[in-house]
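Asks: To start, I am sharing the structure in question, which I have written as structure tokens.
The values are calculated or read from the model by the stated rules, or taken from the named source; none is laboratory data. Everything numeric in this text was worked out from a predicted model, so none of it was measured. Heads up, the Cβs are rebuilt from the backbone with ideal geometry, glycines too, and the neighbour counts pull from every protein chain shown.
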Amino acid sequence: MAPVLIAFIFLIDGPHVWSTMTRTYLDKFERKRRRTQFLLVIPLFLVGPLMWTLGQSHLFFILAYGWAYFHHAKQEYGFVMLYKAKNNDRDAFDMKLDRYFIMASIILPYCWYLQATHDLSTRFALVRVLVGLVISAYIVLTVVFIGRQLLKFEKGEAINLPKLALLAMSVPLQWLAFSYAVHHEFGILAAAIPINTFHALQYQRLMWFHNKNHYSSNEIKARSGLAAIINRSVIFYLAAGLVTNFLFHAITGAGLQLQGIWVSVFWGVSFSHYFLDSKIWRARGDKELAAALRL
């Protein structure tokens with residue numbers, strides 16, 4: 001697993017995190033427009049070292065991975081919303097059902113992993129009852145979701161095949177990865193690697209689709225600065241994420257000897273990615289973003 005982890009950090013996960021900068025920090029116009037948001041990123045780098053100093057490193061990791069999988073759930077819902085917009089899948093009931101099913105399908109496996117690895121259901125009777133109720137509710141939700149698709153098919157209504165294909169890949173992946181991780185010496189990393197590989201490839205494809213379209217406009221090129229150059233070709237775009245990620249690891253690995261602080265700094269970069277991602281993909285009210293996503 002060690003070579004796999006190294007390849008994952010340097011070639012997959014790290015570049016996907018840093019790719020956010022190709023349409024934010026490196027864009028002169030975006031730096032002015034989102035100055036406050038960029039400044040709010042700074043405290044995110046201090047959370048990890050502070051909790052580590054207070055002796056709460058274990059709690060820090062639980063919260064960090066929790067935010068990571070909440071971010072992943074929100075991103076997955078965002079991908080589904082793109083497919084829904086493209087396929088005119090706008091039924092109000094389906095909107096709510098899709099949201100609940102996606103969020104539960106991605107966050108619940110992480111919660112199940114936490115209680116399984118801490119043996120909570122064995123140690124506490126109330127937790128055992130709660131786990132049973134939550135899993136039962138999720139099974140009911142899954143049956144309702146599948147039943148809804150079958151009902152639409154029976155009625156001859158349009159079926160959103162891209163959405164269903166995505167969920168058919170993504171949802172089983174969560175449960176399989178965490179089930180595998182429960183008994184693996186790498187722990188949660190054994191789940192994070194396959195799950196985030198899937199997510200990172202999705203994200204890179206979406207980011208390049210956006211950037212290619214967005215920076216093709218001469219008007220936008222003129223105001224964007226370095227971002228216009230980096231997004232001139234997919235090779236430049238991918239190189240920006242790869243090189244930045246490598247330099248970050250090289251500098252921090254050489255300059256910071258304490259592993260705990262190093263891990264905290266690493267998570268600060270991820271936190272920045274989660275925060276900015278929650279702001280930059282809101283197509284409603286952003287005509288340029290909607291145009292770049294071909295909505």
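Asks: Which of the residues spanning the range 177-195 are loosely packed, with under 15 Cβ neighbours inside 10 Å and under 17 Å from the mean Cα position of the chain (by Cα)?
Replies: none
Asks: Which pairs do you get when a residue that is in contact (Cβ under 8 Å) with a residue 60 or more places away in the chain and within 18 Å of I193 (Cα to Cα), found in the range 95-122, comes within reach of a residue that is small (G, A, S) and buried (at least 16 other Cβ atoms within 10 Å of the Cβ), reach meaning Cβ atoms under 7 angstrom, with the pair 6+ apart or on two chains?
Replies: Taking only residues 6 or more apart or on different chains, the pairs are I106/A73; Y113/A181; Y113/A191.
Asks: Please work out which one of (1) at pLDDT 95 or above; (2) surrounded by 13 or more Cβ atoms within 10 Å (Cβ to Cβ); (3) farther than 17 Å from Y25 by Cβ is the condition I235 fails and give its number.
Replies: Unmet condition: (2).
Asks: Among the residues of the range 93-126, how many are at pLDDT 90 or above and either touching a strand residue (DSSP E or B) at 6+ places or on another chain (Cβ under 6 Å) or hydroxyl-bearing (S, T, Y) (or both)?
Replies: Residues flagged as at pLDDT 90 or above and either touching a strand residue (DSSP E or B) at 6+ places or on another chain (Cβ under 6 Å) or hydroxyl-bearing (S, T, Y) (or both) within the range 93-126 amount to 4.
Asks: Need at least 2 residues that are out of contact with any Cys (no Cβ under 6 Å at 6 or more places or on another chain) and surrounded by fewer than 14 Cβ atoms within 10 Å (Cβ to Cβ) per element, so show me which helices (runs of 4 or more DSSP H) inside the range 1-101 make the cut, counting only ones lying wholly within it.
Replies: Those helices (runs of 4 or more DSSP H) span 2-7, 28-33, 35-40, 44-53, 57-86.
Asks: What's the number of the only condition in (1) touching a Ser or Thr at 6+ places or on another chain (Cβ under 7 Å); (2) closer than 19 Å to H16 by Cα that T197 fails to meet?
Replies: With respect to (1) touching a Ser or Thr at 6+ places or on another chain (Cβ under 7 Å); (2) closer than 19 Å to H16 by Cα, T197 is out only on (1).
Yes or no, residue by residue, for (1) assigned to a helix (DSSP H, G or I); (2) within 17 Å of F101 (Cα to Cα); (3) touching a Pro at 6+ places or on another chain (Cβ under 9 Å); (4) touching a residue at least 40 places away in the same chain (Cβ under 8 Å):
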{"residue": "A158", "(1), (2), (3), (4)": "no, no, no, yes"}
{"residue": "P162", "(1), (2), (3), (4)": "yes, yes, no, yes"}
{"residue": "L166", "(1), (2), (3), (4)": "yes, yes, no, yes"}
{"residue": "S170", "(1), (2), (3), (4)": "yes, yes, no, yes"}
{"residue": "W175", "(1), (2), (3), (4)": "yes, yes, yes, yes"}
{"residue": "F178", "(1), (2), (3), (4)": "yes, no, yes, yes"}
{"residue": "G187", "(1), (2), (3), (4)": "no, no, no, yes"}
{"residue": "A191", "(1), (2), (3), (4)": "yes, no, yes, yes"}
{"residue": "P194", "(1), (2), (3), (4)": "yes, no, no, no"}
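Asks: Filter the range 248-290 for residues that are surrounded by fewer than 10 Cβ atoms within 10 Å (Cβ to Cβ), of a type in the set (S, T, N, Q) and either at pLDDT 85 or above or under 21 Å from the mean Cα position of the chain (by Cα) (or both) and give the result.
Replies: Residues satisfying the conditions do not exist here.
Asks: Only one of these is modelled with pLDDT of 95 or more and of a type in the set (A, V, I, L, M, F, W, C): I139, I159, I188. Name it.
Replies: Just one listed residue meets the conditions, I139.
Asks: Among the residues of the range 140-149, is any of a type in the set (D, E, K, R) and surrounded by fewer than 17 Cβ atoms within 10 Å (Cβ to Cβ)?
Replies: Yes, that holds for at least one residue.
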